[in-house]
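The values are calculated or read from the model by the stated rules, or taken from the named source; none is laboratory data. Remember, predicted model here, so these are calculated numbers, not experimental data. Please note: Cβ atoms are built from the backbone with ideal geometry, for glycine as well, and neighbour counts cover all protein chains shown.
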Amino acid sequence: MAEPAPAPFGAEIAEYLSYLRHEKRYSPHTLTASQKDLDTFAAYCGQARISRLEQVDQHTVRGFVAARHRAGIEPASLHRYLSSLRGFFKRQVNRGLLQANPATAVRGPKLRRKLPSVIPMEDLNTALDTPIEGDWAERDRAIAELFYSTGMRLSELHDLDLAQVAGGQAEITVNGKGGRQRIVMVGSKAREALQAWLEQRPAVAAPGETALFVGRSGQRATRAIIGQRLKLWAQRAGLGTHLNPHRLRHSFATHLLTETGDLRAVQEMLGHANLSTTQIYTHLDFKRLTEVYDQAHPRAKRPKKAS
């Protein structure tokens with residue numbers, strides 16, 4: 001039996017990842033995902049006996065996507081594969097190694113965006129006001145309060161350093177996707193929770209550790225640990241529903257939008273580059289939309305009930 005051909009494009013992939021790391025300033029998480037996608041495509045090409053870039057065309061890319069689809073990969077992940085390939089081949093065109101981008105004309109399957117359910121405002125506030133005892137209670141409550149107060153992504157909260165909040169600031173600067181910085185607001189309840197954690201932190205943080213949130217090792221808590229502790233906090237607080245960072249971010253955005261109707265402001269707070277992303281990510285409930293329509297449209301006044 002013939003041995004499988006080695007995966008091609010190793011040098012090109014390495015150069016592209018270096019470009020993303022040093023010039024585009026992509027996060028380690030994004031770099032890891034991109035490398036995984038490109039390595040998977042390279043392995044597919046190796047099995048198809050494709051060893052040179054110029055042998056790749058849109059049929060190759062389409063065949064790869066179809067193969068991943070048959071393997072049970074979800075549409076959202078297939079779109080991510082295509083995005084990684086488009087970026088990779090665009091780089092090769094710019095370097096003069098290809099004449100055209102073979103992934104440009106390939107379309108992924110229809111994508112249904114499934115938004116996380118929103119936690120009712122009253123339920124979330126009740127949970128946040130519930131006193132909790134136990135190990136790391138102050139840290140876990142500070143994490144929950146900060147997520148809900150700011151709408152930060154998991155990666156953004158994970159990367160926070162002690163120096164960014166040590167002065168009890170009502171505003172902090174975070175590094176978002178694509179290296180874009182933005183200012184987020186820290187509400188009074190979140191500042192109180194942070195202060196309680198900061199009083200406990202010196203007893204558990206390793207000497208010289210810069211991270212705001214640390215784990216049992218005394219070093220920066222991993223993203224997985226933050227997610228696990230948020231889930232445990234929700235159980236201890238009696239929230240009665242599964243909780244993760246993305247669901248808190250979505251609840252933050254939805255609650256703000258429901259109360260204010262200011263889509264642009266929510267866009268800025270979430271750090272979205274395009275308003276269309278915010279429109280997909282957030283939504284006003286139907287009752288609120290009805291109220292706005294009834295109050296604003298000159299011919300929408302509902303008739304008064306006869307007495």
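Of all the criteria given as (1) surrounded by 15 or more Cβ atoms within 10 Å (Cβ to Cβ); (2) touching a residue at least 60 places away in the same chain (Cβ under 8 Å); (3) more than 22 Å from Ala33 (Cβ to Cβ), the one not satisfied by Ile50 is (2). Filtering the range 69-113 to residues that are charged (D, E, K, R) and over 18 Å from Lys36 (Cβ atoms) leaves Arg70, Lys90, Arg95, Arg107, Lys110, Arg112, Arg113.
Yes or no: His242 part of a helix (DSSP H, G or I) and assigned by TED's automatic domain parsing to the domain that holds Ile183? So His242 fails the test. For the range 148-172, filtered to residues that are among the polar types (S, T, N, Q) and more than 15 Å from Ala211 (Cα to Cα), the residue that is modelled with the lowest pLDDT is Gln169.
Quick check on the range 249-258. Is at least one of its residues out of contact with any His (no Cβ under 7 Å at 6 or more places or on another chain), assigned by TED's automatic domain parsing to the domain that holds Glu145 and surrounded by fewer than 16 Cβ atoms within 10 Å (Cβ to Cβ)? No, the range 249-258 has no match at all. Inside the range 65-80, residues that are within 19 Å of Gln55 (Cβ to Cβ) and in contact (Cβ under 8 Å) with a residue 24 or more places away in the chain make up a count of 1.
Listed here are the residues, each with its yes/no results for (1) farther than 21 Å from Lys110 by Cα; (2) out of contact with any strand residue (DSSP E or B) (no Cβ under 7 Å at 6 or more places or on another chain); (3) buried (at least 18 other Cβ atoms within 10 Å of the Cβ).
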position: Ala14; (1), (2), (3): yes, yes, no
position: Ser27; (1), (2), (3): yes, yes, yes
position: Asp37; (1), (2), (3): no, yes, yes
position: Val61; (1), (2), (3): no, yes, yes
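Counting only residues that are touching a Gly at 6+ places or on another chain (Cβ under 7 Å) and either touching a residue at least 60 places away in the same chain (Cβ under 8 Å) or not in a loop (DSSP other than H, G, I, E, B) (or both), the range 209-221 holds 1 of them. On the stretch given as the range 68-106, residues that are assigned to a helix (DSSP H, G or I) and of a type in the set (Gly, Ala, Ser) total 5.
Every residue, every condition in (1) of a type in the set (Gly, Ala, Ser); (2) closer than 15 Å to Ala193 by Cβ; (3) touching an Asp or Glu at 6+ places or on another chain (Cβ under 9 Å), yes or no:
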| position | (1), (2), (3) |
| --- | --- |
| Asp123 | no, no, no |
| Ile132 | no, yes, yes |
| Ile143 | no, yes, no |
| Asp159 | no, no, no |
| Asn175 | no, no, yes |
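When the range 44-67 is filtered for residues that are assigned to a helix (DSSP H, G or I), of a type in the set (D, E, K, R) and under 32 Å from the mean Cα position of the chain (by Cα), only Arg62 remains.
Exactly one residue out of Ala14, Ala33 is modelled with pLDDT under 95, part of a helix (DSSP H, G or I) and in the same structural domain as Ser77 (by TED's automatic domain parsing), and it is Ala33.
Of the residues Gln195, Gln219, Gln181, Gln228, the single one that is at negative phi and more than 24 Å from the chain's Cα centre (by Cα) is Gln195. Take Gly63 and tell me if it is assigned by TED's automatic domain parsing to the domain that holds Asp39 and farther than 19 Å from Ala33 by Cβ. Taking the combined requirement at face value, the residue satisfies it. Among the conditions (1) closer than 30 Å to Asn175 by Cα; (2) at pLDDT below 80; (3) assigned to a helix (DSSP H, G or I), the only one that Leu284 does not satisfy is (3).
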